[in-house]
Amino acid sequence: MASQDQAMPTAPSTSGAGLLTAAAWVLVCLLAAGFIYKYVFHYYLHFDAKGFDVYWPRRAGLLVHISSGMVALAIGPFQFWTGLKAKLPWVHRWMGRIYLVAVAAGSAAGLYMAATTTFGWAFGFALAMLAVAWAGCAGIAYTAILNGAVALHRRWMVRAYVVTFAFVIFRLISDWLPTSHIKPALDLSVADAWGCWVIPLMITVAIQEIGDIRRQGRRRPGRA
């Protein structure tokens, strides 16, 4: 898959924007690694009814969902590294294929988990829409690159990873940020299942479109 509109630098940059981008990617990677360690490895290390709790009857679906999400979370940042694409394009392409397979499997398992949830239809519907958005963004990115639309491919890959990162944001909202104290807990879970991807995706789209508007404005005839 191709690089991001604001791609990871191929070498350390002394500019403020370059340092900010590098710091942001370090934070993203640290949060993703922390999520995987605490919320994914837990199920691998406690493979029993107690460890899975209410998910034990649906353990197969949960394992496919979280394992696929882990792969997508881990691979995603490398796809935005322009140095990898430039030096090892075949690695970039194969990692992109693995990412797409992970998203497809994770989305399918997510729909299963949504349909069989024990936390009510509102929570299940929110999870189902997250799975649809996840697969949809990645699918559009794939369609774009198949048709040679590289810029659109980059744009939708950014959006796809933002939705992938909803795994992490969900847990930040529910377990770590001050929002974790909001009651009732089920209402928080429903709001979280929407907010973890809708708000970040809206912000991402707004940033991308505002950038387009500013670039088009600078290209207007007679404009300095």
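Coordinate-derived values only; no laboratory data. This structure is a prediction, so every number in the text was calculated from the model and none was measured. Quick reminder, even Gly has a Cβ in these numbers, built from the backbone with ideal geometry, and neighbours come from all protein chains shown.
Taking only the Cα atoms of region 25-132, the ratio Rg/Rh comes out at 1.04, with Rh defined as the Kirkwood radius.
The simple spin-label model puts a point 7 Å past each Cα toward its Cβ; for ARG59 and PHE125 those points are separated by 3.3 nm. The angle between the Cα long axis of helix 59-79 and the longest principal axis of the Cα atoms of the chain comes to about 20 degrees, rounded to the nearest 10. Working from the Cα coordinates of the chain, the gyration tensor eigenvalues give, after taking √(5λ), semi-axes of 33, 20, 18 Å in decreasing order. Placing unit charges on the Cβ atoms only, positive for Lys and Arg and negative for Asp and Glu, gives region 16-216 a dipole magnitude near 580 debye about its Cα centre. Each of MET129, VAL162, PHE119 was scored by the projection of its Cα onto the charge dipole of the chain, and the greatest displacement toward the positive side belongs to VAL162; charges sit on the C-beta of Lys, Arg, Asp and Glu. When both region 31-59 and region 135-211 are represented by their alpha-carbon centers, they are found 22 Å apart.
Only counting other Cβ atoms within 10 Å, I'd like MET157, MET70 sorted with the fewest neighbours first.
In order of increasing Cβ crowding within 10 Å: MET70, MET157.
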